[in-house]
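Since the structure comes first, as structure tokens, the remarks are kept for the end.
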Amino acid sequence: MFAVQFERFGPPEVLTLGTAPEPRPGPHQVRIAVKAAAVSPVDLALREGSSPTGENLALPHIPGVDAAGVIDEIGDEVTGYAIGDEVFGAVDVARLGGASAQYAVLDFWARKPHGMTWAEAGAAGTGVETATRALDLLGIRDGTTLLVDGAAGGVGSIVVQLAAARGARVIGTARPDSHRFLRELGVEPVDYGRGLPARVRALSATPVDRALDVAGAGSLSELIELTGTADSVVTLADFGASAYGVRLSLGRFGGQPDGVHGLTSAAALADRGRFRVPVREIYPAHQAARAHETAARPPRRGKVVLDLTRTG
Ligand SMILES: NC(=O)c1ccc[n+]([C@@H]2O[C@H](COP(=O)([O-])OP(=O)(O)OC[C@H]3O[C@@H](n4cnc5c(N)ncnc54)[C@H](OP(=O)(O)O)[C@@H]3O)[C@@H](O)[C@H]2O)c1
């Protein structure tokens, strides 16, 4: 099969469109003919050789943890799905990648909603799972005021919509030129960076009930100041969280159990026009290096996606 891959760590130019052995689905897995696969921060870190999770990464490595496509093989013990079904989800956890190829094995998936394009569906898996896990952990429900630090990125732009769908009031941080983007997602925007408590208080007299740190940019003490307690704060990206008494939620790449966490309900919201996956740019597979360059460059709004149906 064809695959976007790298044989050595380095800049985006190490990515090539080459050939690789076809993966086979194990129990509880399906294989898809990939239509679209997202580019995520973990892909960039693994390619650079800077991710601790990638210490023993086997090379060549096929990046990509999220994909959408058409089921062409079904593993043992999978029920309710047939060859030809259109699905989206996330890849085989143990491989830390594998999505940006002709075929990919999914560990968790749901039916692709009609309301999502292939690119949106290919970008949804990990973001939806992560957002759902974090919102559950924080107990977000109707009437909660939630502050999301790093709200415009791939995960943040999903978190804010799923929180709003639960009835929360959402305040989100972003650089000034991404404020309009956040407003379009139903979020009250505020600038990111030091001095956040004063800016949030100027925005709203209502206290912040819960805060989610998506950016990992060192804001935990300010988020605790805003919510009043470390229990009301969760981070997805700050590995120094325990020093603040804040919970770090690590999912698929931290070894905790997952599942089809939130995928089906996000798909239903998409079909009702209440949820979309913001896609910043789509590149054909043979331009994967450009896709990685873009994904690393601010302003990051939503996801960069590879179109695996276009190979040259
Ligand atoms: N724990 C988990 O289960 C889990 C799962 C998925 C991802 N993650 C991690 O979560 C993080 C975010 O992922 P992502 O996909 O959303 O990344 P992303 O698409 O690159 O977005 C990051 C966002 O953070 C913003 N940002 C930059 N500096 C900031 C600052 N000082 N304060 C607040 N926001 C700032 C960026 O804005 P500009 O580009 O405009 O500067 C961008 O919008 C990554 O570290 C990723 O590895 C964790």
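Over the residues of the chain, the helix contribution to mean residue ellipticity at 222 nm works out to -7000 deg cm²/dmol, using -39500 (n - 2.57) for each DSSP H run of at least 4.
Rounded to the nearest 0.05, what FRET efficiency do Val70 and Glu48 give with R0 = 35 Å and r taken as the Cβ-Cβ distance? Could you check?
Efficiency for this residue pair is about 0.65.
Near Lys35, the amide H atoms lying under 5 Å from its own belong to Ala68, Gly69, Val70; only residues 5 or more places off or on other chains count, and H is placed 1.01 Å from N.
So if we plug the beta-carbon distance of Ser265 and Ser221 into 1/(1 + (r/R0)^6) with R0 = 35 Å, what FRET efficiency do we get, rounded to 0.05?
After rounding, the FRET efficiency stands at 0.55.
Using the average count of surrounding beta-carbon atoms within 10 Å as a protection proxy, the listed peptides 188-200, 54-66 rank, highest first, as 54-66, 188-200.
If you plug the beta carbon distance of His114 and Ala243 into 1/(1 + (r/R0)^6) with R0 = 41 Å, you get a FRET efficiency near 0.35. Note on segment 130-253: Cα-Cα pairs beyond 16 Å make up 54% of the total pair count. Compute the distance from the alpha-carbon center of segment 205-245 to that of segment 2-74, in whole Å. Between the Cα centre of segment 205-245 and that of segment 2-74, the gap is 32 Å. The protection proxy used here, the mean number of other Cβ atoms lying within 10 Å of each residue, ranks peptides 166-175, 125-134 as follows, highest first: 125-134, 166-175. Relative protection proxy for 44-51, 149-156, from highest mean packing down: 149-156, 44-51 (other beta-carbon atoms within 10 angstrom). Using the 1.4 Å probe convention, the accessible area of the chain works out to 42 Å² per residue with neighbouring protein chains retained.
Split the accessible area of the chain by element, probe 1.4 Å, and carbon with sulfur accounts for 50%.
The values are calculated or read from the model by the stated rules, or taken from the named source; none is laboratory data. Model, not experiment: these values are computed from the prediction. Cβ: placed from backbone, ideal geometry, glycine included. Neighbour counts: every protein chain shown. Ligands, DNA and RNA are excluded from the accessible area calculation, which covers all protein heavy atoms including side chains. Shrake-Rupley method; radii C 1.70, N 1.55, O 1.52, S 1.80 Å.
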